[in-house]
Amino acid sequence: MAFRVAVILKEASDWTANALLRNLKKRGVSARPLKIAEVSACVPSAAKNAKCAFSPELRFDAFLVRDVGGILAEKAGCALENISFKFDILRILASHKIVMNSPEAIQNAANKFYSAVLFSSASLPVPKTVVTESVEVALNALEDFGGSAVAKPIFGHQGKGVEKITLDASAREKIQRIIAERGVIYLQEFIPNAERDIRVFVVGDEIVGAIYRVRRSGSIVSNLSMGGKAVRCEPTAEMCEIALKATKAIGADFAGVDLVERLGDGKIFILEINGTPSAKGIKMACGVDATEKIVDLLIERLKNDLSPH
């Protein structure tokens, strides 16, 4: 039996989505790209065995989620219903189909505040973090953090909207602006580092590869989409352990886990996690195609799902 799998994507040109499609087809799977933004839903009147119907009909055995789109801070109001509807579709599909990553895992990862709570509860090393609507609480946190913090959108992506705030004459004005724009401010202790962070790619119980993401000069973020450079990294046993535990904490099948080494003592902190990670940087720097491992894991899951219990 040939499995039918949809790769959910945002852009048809996305490298990772196309690599997933290519590797699925190599394994004999009938694979198709699916833009979830083009899916409509119809909820029937109450009737026996009535189910929500989708157009086009989603006749697939499983769904691999590469990208459903994000909420930019400056567009959060108008995008909330749109992104909620997309995740509702995934939740409905996940109730009777295999969806990787699960909508719950993707939501856990996308929410920086909630994922930080999950990491802390799993005894993972996270920087000190404060989320508040109060300017005074934010200023006090900034002082507690040693006078330097990073402000991030809770639902941001690709490093957009991230800025460094220091305890100086402009701090109050910056904090007020961010709270006015977003409703709250997410402040995380700034960890001095060597102008880079570490992305560890996890699939199942395996570390597929790791890269240093080196920031371009003058930037606070290391994202490759924002000009960062991918350099091969040999992860330590500690990095691997943190990455595996972080992936498990959010309930993901695969993830990109972002770590940082503190200058001076080399202590490792987990910054955040990506439940829909790009595999391009790992391929460029390490020569490893993580999408092959993702496809292997999905096919194994599909075969187990069809086997007698």
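The values are calculated or read from the model by the stated rules, or taken from the named source; none is laboratory data. What you see is a predicted model; the values in this text were computed from it and never measured. Quick reminder, even Gly has a Cβ in these numbers, built from the backbone with ideal geometry, and neighbours come from all protein chains shown.
With (1) surrounded by 12 or more Cβ atoms within 10 Å (Cβ to Cβ); (2) out of contact with any Cys (no Cβ under 7 Å at 6 or more places or on another chain); (3) more than 17 Å from K280 (Cα to Cα); (4) small (G, A, S) as the list, and G28 as the residue in question, which single condition is left unmet?
(1)
Could you please let me know if K164 is crowded, with 18+ Cβ neighbours inside 10 Å, closer than 25 Å to K267 by Cβ and either touching a strand residue (DSSP E or B) at 6+ places or on another chain (Cβ under 8 Å) or of a type in the set (D, E) (or both)? I'd like the intermediate steps shown before the answer.
Numbers: crowded, with 18+ Cβ neighbours inside 10 Å: no; closer than 25 Å to K267 by Cβ: yes; either touching a strand residue (DSSP E or B) at 6+ places or on another chain (Cβ under 8 Å) or of a type in the set (D, E) (or both): yes.
No, not satisfied.
How many residues are assigned to a loop (DSSP other than H, G, I, E, B), of a type in the set (S, T, N, Q) and under 22 Å from V162 (Cβ atoms) if we restrict to the stretch 223-240?
Of the residues in the stretch 223-240, 1 are assigned to a loop (DSSP other than H, G, I, E, B), of a type in the set (S, T, N, Q) and under 22 Å from V162 (Cβ atoms).
Taking the condition in the same structural domain as I89 (by TED's automatic domain parsing), of a type in the set (A, V, I, L, M, F, W, C) and within 24 Å of the chain's Cα centre (by Cα), does L20 pass? Reasoning before the result, please.
Values: in the same structural domain as I89 (by TED's automatic domain parsing): yes; of a type in the set (A, V, I, L, M, F, W, C): yes; within 24 Å of the chain's Cα centre (by Cα): yes.
Answer is yes for this residue.
Quick one: which of V126, V162, V150 is in contact with a Ser or Thr (Cβ under 9 Å, 6 or more places away or on another chain) and among the β-branched types (V, I, T)? Explain how you work it out, then say what you get.
On the way: V162 fails: in contact with a Ser or Thr (Cβ under 9 Å, 6 or more places away or on another chain); V150 fails: in contact with a Ser or Thr (Cβ under 9 Å, 6 or more places away or on another chain).
V126 is the lone residue from the list that is in contact with a Ser or Thr (Cβ under 9 Å, 6 or more places away or on another chain) and among the β-branched types (V, I, T).
Within the stretch 270-298, count every residue that is surrounded by fewer than 23 Cβ atoms within 10 Å (Cβ to Cβ) and closer than 16 Å to N18 by Cβ.
Residues in the stretch 270-298 being surrounded by fewer than 23 Cβ atoms within 10 Å (Cβ to Cβ) and closer than 16 Å to N18 by Cβ: 5 in total.
Could you pull out every one of the helices (runs of 4 or more DSSP H) wholly within the stretch 102-180 that has 3 or more residues that are more than 30 Å from L298 (Cα to Cα)? Full working, then the answer.
Working: elements: 103-110, 112-121, 135-144.
Where helices (runs of 4 or more DSSP H) fall fully within the stretch 102-180 and carry at least 3 residues being more than 30 Å from L298 (Cα to Cα), they are 135-144.
Between a first residue in the stretch 9-33 that is over 21 Å from I89 (Cα atoms) and a second residue that is modelled with pLDDT under 95 and surrounded by fewer than 17 Cβ atoms within 10 Å (Cβ to Cβ), which pairs have beta carbons less than 6 Å apart while being 6 or more apart in sequence or on different chains?
Matching pairs, first to second residue: S30/A2.
Specify which of the listed residues (R301, R262) is in contact (Cβ under 8 Å) with a residue 40 or more places away in the chain, outside the structural domain of E206 (by TED's automatic domain parsing), surrounded by fewer than 23 Cβ atoms within 10 Å (Cβ to Cβ) and in contact with a strand residue (DSSP E or B) (Cβ under 9 Å, 6 or more places away or on another chain). Write out each step before concluding.
Values: R262 fails: outside the structural domain of E206 (by TED's automatic domain parsing).
The unique qualifying residue is R301.
Given the conditions (1) under 19 Å from the mean Cα position of the chain (by Cα); (2) farther than 21 Å from V288 by Cα; (3) among the aliphatic types (A, V, I, L, M); (4) not in a strand (DSSP E or B), and given that A2 satisfies all but one, which numbered condition is not satisfied?
(1)
Only one residue in A243, A210, A252 is assigned by TED's automatic domain parsing to the domain that holds A290, crowded, with 21+ Cβ neighbours inside 10 Å and assigned to a loop (DSSP other than H, G, I, E, B), so which one is that? Even if it seems obvious, please write down each step before you answer.
Numbers: A243 fails: assigned to a loop (DSSP other than H, G, I, E, B); A210 fails: assigned to a loop (DSSP other than H, G, I, E, B).
The match here is A252.
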